[in-house]
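Every read-out reported here was derived from the displayed coordinates using simple, explicitly stated rules and does not represent laboratory data. What you see is a predicted model; the values in this text were computed from it and never measured. Every residue, glycine among them, receives a Cβ derived from its backbone with ideal geometry; neighbour counts consider all protein chains shown.
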Amino acid sequence: MNVRFYSILFLLFVTGLLRLEARANLDEIRKSLASAPENEAKISLLIDASRDVNQDYPAAALEFSEQALALAQKLRSKDGVVLAYSNIGLVYMNQDKYALARENLEKAIDLKTKLVKEKPSWKASIAKDYRLVGICYEKQNQLEKALDNLQRGVSLALETKELEEIALGYNSIGEVNIAMENYQGALMAFNRSLPIARQINNRKMVNTIEKNQATSYTLLRNYMEKQAVKLELEEYEVEIETIKDSLEKEQEATQLVVSEKQLLEMTNAQKEAELKAAEADIAARDAALEAKKADERNYLIAAAGGVVVFLMIIIGLISRSRAKSRHAREIKTEKEKADNLLLNILPENVAKELLTTGKVVPVNHDQVTILFTDFKNFTAIASKMTPEELVKELETAFTAFDEIIEKHKLYKIKTIGDAYMAAGNLTTSDPDHALNAVKAGLEMQEFMDRWIGRKKRRGEEVWELRVGIHTGQVVAGVIGQQRFAFDIWGDAVNTASRMETSGEAGKVNISAETYARVKPYGEFEDKRTEIVKNKGAVDMYFVKDVISRAQPAAPQPEVVTTRQKKRWF
C-alpha cells in the first residue's frame, strides 16, 4: 500500500516538473518572439511557435497564429497571410471548433487560388486545405459537402503527384462514404489509397487504411446480404399472391366438379346393382372351374416351382438394374437442365466457377465501360396502359437492345423497371469496349428514332430514350444463396447512372473518362460541366457520331482483375 502511494506521489512530482518545464519553455518562446524584429522572418517564427505549442497550450497557439496574421497584414505579405489562415484553421481543429476552422481554411484556399499562377507550388497546399475542410464538414455531419471538398483535394493532389496527400485524401473519402452508407464507394477509395501508402512506406497510414478496408468489406457484405433477403421477401410476396389467385380459381373449379359428381353418382348406383348380379353369376362358374383345375394346378406347381423361383430371381435382378440405369439418366438430365439454366442466368465463366467450386469470388475490374438507358415520360405514359400493353412495349425495346449490345460485345447486367444496364470488357476481354459501348448507344437511339416514327404515325404517345456511358473501375460478383444474381458495384456504376440522368432524350451522354478513349474516333459536342450529386463538378460530352472501326491496339490500359480474399464475402 505504501509503495503504491509513493509511486503515485512520484508520478505527480514528475508530471509537475514537466509542466513547469513546458511553462518555462513557453515563457522563453514569448520572450524570444517579443524581441524579434517585425519582418517576414518573424511571421514564420510565430507560425512555427504556434505549431510547437498547439498540443499543450492551444490558447497560446491561437495567440501566436493571430499575431502572425496581424503582422502579415501589416507588412502586406501575401504568403504570410495565407499561411496564418491555414495555421489558425489547424489550431481550431485541434480544439474541435470545426466551424471556425473551416472558415479560416476556406479563406486560405481563396487566397492561395488567386496566387497559384504566381506560385504553382501552392497547389499542393490547397489540396491539403481542401482535405482539412472536408474533415471539418464530416465532423459537422455535412457529408455531401465533406465529400465534395475531399474530391477537390484529391484532384489537385493527383495533378501535383503528392503521394502522401493522395493517400490521405482517398482514405478520408472512404471514411465519409462509410458514414453515408455507400460501402462500395468506400471500398473503392480504400483500394486506391492502400497501394500509395505502401509505396511511400508509411506504416502507420497502412495500418489505418487496412482497418478501414476490412470494415468496409464487412459492411458491404452485410448490406448485400440484407438486400438479397429483401429481394427474396418481395419475390415470396408475389408468389403468395399468385398462389392465392390459383386457390380461388381451384375452388371455383371444385364447385363445378362436385355438381357433376353428384349427377354421376346417381347413374352409377343403378349400374353397380347390375354389375353385382353379373359378378355373382361369374363367381359361381369360376368356383366350378377351379374345382376341376385344382388337381392339375397342384401337379404343375410342384413340377414348375423350382423353375418359377429361378425365373423370378433373374427378372428381379434385371428390373433392379434397369431401375438404377433409369434413375441415373434422370439425375443426369436434371443436372444438365440446372446447368443450362445457370448458364442463362450468369456469365459463362462465372457459372462454370460456381458449378466447379460451389462459390464465386468477387473480382475487381480496373477498366469497364458501363451503359445506362432510361425512358423519358415513362411513368406518365405507362399509367395509361394496361399491364399487357406495358410489358409488350418494354419487350419490344429491350429485345432490340439485347441484340444491339450482343452485336457490340457488351454484357447485359439487368433491367430495373424501364432502366437498362450493360457493360463492356467485363465477362470477356475487349480493348475497344469504350468505342463499342458508344456505338451501341448510338444504335439504340437509331432504333428509337424508327420506333418513335411508327408510333407517331399511329397517333400514339412515345417514350424517348436517354443514354449515359462511363468508363472506370468496378467490383463484380454474385449475391444470393437460393436465387443467384450477377451484378457490379462501385463509383463507376454511380457515375454512369449520373451520365444518363444528366443527359438529354435522343442523345448519348459520355463522361470525360470515356471521351478520352473515343475522342480520336468520333464527333462530339463541346464539353459541358455540370454539378452531379455526391460528385461535384463533372465534365461530360454529347456524342454526334463515331466511325465504325476498332480502336488501335496501343496504347490501351491493361485490364487487370484482382480476386478478393474469401473472408470478406
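So who's got an amide H within less than 5 Å of the one on Leu465, skipping anything under 5 residues away but keeping other chains? H placed 1.01 Å off N, in plane.
Amide H neighbours of Leu465: Lys376, Gly506.
Label points 7 Å out from Cα along the Cβ direction at Thr501 and Glu164: separation in nm?
About 3.8 nm, to one decimal.
Compute the signed sum of charges (Lys and Arg +1, Asp and Glu -1) over the other residues within less than 15 Å, Cβ to Cβ, of Arg457. Don't skip to the end; give the middle numbers.
Values: positive: Arg450, Arg454, Lys455, Lys456, Arg458; negative: Asp449, Glu460, Glu461.
That works out to +2.
Rounded to the nearest 0.05, what FRET efficiency is calculated for Ala380 and Thr529 with R0 set to 22 Å and r the Cβ-Cβ distance? Mind showing how you got there, number by number?
Working: r = 30 Å, r/R0 = 1.38.
Once the sixth-power term is evaluated, E becomes 0.15.
Within a Cβ distance under 9 Å of Asp79, other residues only, what is the Lys/Arg minus Asp/Glu net charge?
On the way: positive: Lys78, Lys119; negative: Glu40.
Counting the neighbours of Asp79, the net charge comes to +1.
For Thr427, which sequence-distant residues (separation of 5 or more, or a different chain) have an amide H within less than 5 Å of its own amide H, given hydrogens modelled in the peptide plane?
For Thr427, whose amide H was placed from the backbone, there are no distant partners under 5 Å.
As a test of the definition: which semi-axes, in Å, follow for the range 358-402 when you take the square root of five times each eigenvalue of its alpha carbon gyration tensor? Largest first, please. Show your work: numbers first, answer last.
On the way: eigenvalues 215, 43, 23 Å².
Its equivalent ellipsoid spans semi-axes of 33, 15, 11 Å.
I need the trypsin sites (Lys or Arg not before Pro) found in the range 455-536, filtered to DSSP loop residues with at most 14 other beta carbons within 10 Å of theirs.
Numbers: sites: Lys455, Lys456, Arg457, Arg458, Arg466, Arg483, Arg498, Lys507, Arg517, Lys527, Arg528, Lys533, Lys535; in loops: Arg458, Arg483, Lys507, Lys527, Lys533, Lys535.
Here the trypsin sites (Lys or Arg not before Pro) that fit, given the DSSP loop and packing criteria, are Arg458, Arg483, Lys527, Lys533.
On a 18 Å Cα-Cα criterion, which of the cross-link pairs Lys78/Lys139; Lys439/Lys507; Lys507/Lys527; Lys78/Lys123; Lys42/Lys112; Lys376/Lys527 come out too long?
Over 18 Å Cα-Cα: Lys78/Lys139; Lys42/Lys112; Lys376/Lys527.
What net charge do the residues around Met205 carry, taking every other residue with its C-beta under 10 Å from that of Met205, with Lys and Arg at +1 and Asp and Glu at -1?
After counting each charged neighbour, the total is +1.
For labels at Lys31 and Ala512 in the simple 7 Å Cα→Cβ model, what's the distance in nm?
5.6
As an exercise, identify the GluC sites (Glu not before Pro) in the range 73-140 lying in DSSP coil whose Cβ has no more than 10 other Cβ atoms within 10 Å.
Here the sparse-neighbourhood loop sites are Glu118.
How long is the gain from Lys114 to Ala537 if the chain were fully straight, where each residue apart is worth 0.36 nm and the alpha carbon distance is subtracted?
Details: separation 423, 0.36 × 423 = 152.28 nm, distance 1.97 nm.
Computed gain between Lys114 and Ala537 is 150.3 nm.
State whether the range 60-151 is rounded, prolate or oblate according to the following rule on the C-alpha gyration tensor (a ≥ b ≥ c being the square roots of its eigenvalues): a/c under 1.5 gives rounded; otherwise a/b larger than b/c gives prolate, and the remaining case gives oblate.
Working: a/c = 2.82, a/b = 1.25, b/c = 2.25.
The shape class here is oblate.
For the range 448-552, state which GluC sites (Glu not before Pro) are in a DSSP loop and have at most 15 other beta carbons lying within 10 Å of their beta carbon.
Working: sites: Glu460, Glu461, Glu464, Glu500, Glu504, Glu513, Glu523, Glu525, Glu530; in loops: Glu460, Glu461, Glu504, Glu525.
The qualifying sites are Glu460, Glu461, Glu504, Glu525.
How many angstrom lie between the Cα centre of the range 24-69 and the Cα centre of the range 504-539?
First find each Cα centre; the distance between them is then 50 Å.
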